[in-house]
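Notes to accompany the following structure.
Derivation of every value follows stated rules applied to the coordinates shown; laboratory data play no part. All values derive from a computational prediction rather than experimental measurement. Note that each Cβ is placed from the backbone with ideal geometry, even for glycine, and that neighbours are counted across all protein chains shown.
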Amino acid sequence: MAKTKRRTKIDKEIARELKQPDEFVTTMGQLQEWANNHRPAVITGLVAIFAVVALANGVASYAKGRAEQHRAEEYQALKGASQTLFDAKDKTAAIAKMDALIEKASNRGDRSRLYLTKGEMLMEVEDYAAAAEAFEGALAHARNDLVRNLAATGLASAEIAQGKGAEASKRLAGIDGVLAEVARVEQIRLALAQHNEGEARALFNQLEGDSPDSPTVATARQLLESHGIVLDGPQPAVDAAAG
C-alpha cells in the first residue's frame, strides 16, 4: 500500500511537470537526490529522466505544442508499461511495450531515454542481466555526457547486483559531472565490501577535496565509520616489513 501511495504522488508530480515545462530548470537537485538513493522506484526514475531530456535538449523546445503533445502521449505510454509491470505483474508484456516505444522513437535522444527507463524497470524486478543490456543500449544511443553518465550509473548498479564489483568500480571511476559525487560514494561502498580500506580512504579524500560542502561527503563518512574506520584520528601505521 505504501508503495502504491508513493507512486501515485510521483505520478501527480510528473503530471504537474508536464503542464509546467519551464520548471525543469530547477530539477538538477532532484536528479542528484535520485542518484543518491542508488535504486529508486521506476516512476521516480522517470521524473529524473524527463529532467535529463529537458536539460539536454533545451527547455524552450518543450514549449511548442507538438512537442508537448508528443511528450504527454509518451508519458501515458510509459505509465501504462509501468502499470503492466507493477500492477498486472506481467514483465513480458511491460517490456514488450517498452521495446515498441524504443522501436518507434524517431531519434537517438529519445531512444537513450527510453532505454534508461527500461533498465530502471528491469532493475526493479531484479532482472539484472536484462537491465544491463538496456543500460548498454542507452549508452550506445546517448548524445550528451549527462545521459551517458546516467546510463553508466545504471549499468554499474546492474553489475554490482550481478557480483561484478571490479567492472562496476572501473565504470564508476569514469563518471563525471553531476553524478560524479554519487559515483565516488558507490566506489567507496564497493571498496569497503572488498575490505580495501586504503582505497576507501583515498576515495573519501578525493571526494572531500573536490566537493567539501556536498552532502555526499557526510554519506561517505558515515559509510567508513560504520566499518570502524576513523577518519579524523591518527592514520594506521604502515608495516615497514610489508613495504
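Quick notes on this structure:
- Prolate/oblate/rounded call for the stretch 167-214, Cα gyration tensor, a/c under 1.5 rounded: oblate
- Trypsin sites (Lys or Arg not before Pro) lying in DSSP loop within the stretch 92-161, provided at most 16 other Cβ fall within 10 Å: Arg143
- The Ala96 and Arg143 beta-carbon pair, evaluated with R₀ = 22 Å, returns a calculated FRET efficiency of approximately 0.30.
- Ranked by the mean number of other Cβ atoms within 10 Å per residue, highest first, peptides 178-185, 194-201, 214-221 order as 178-185, 214-221, 194-201.
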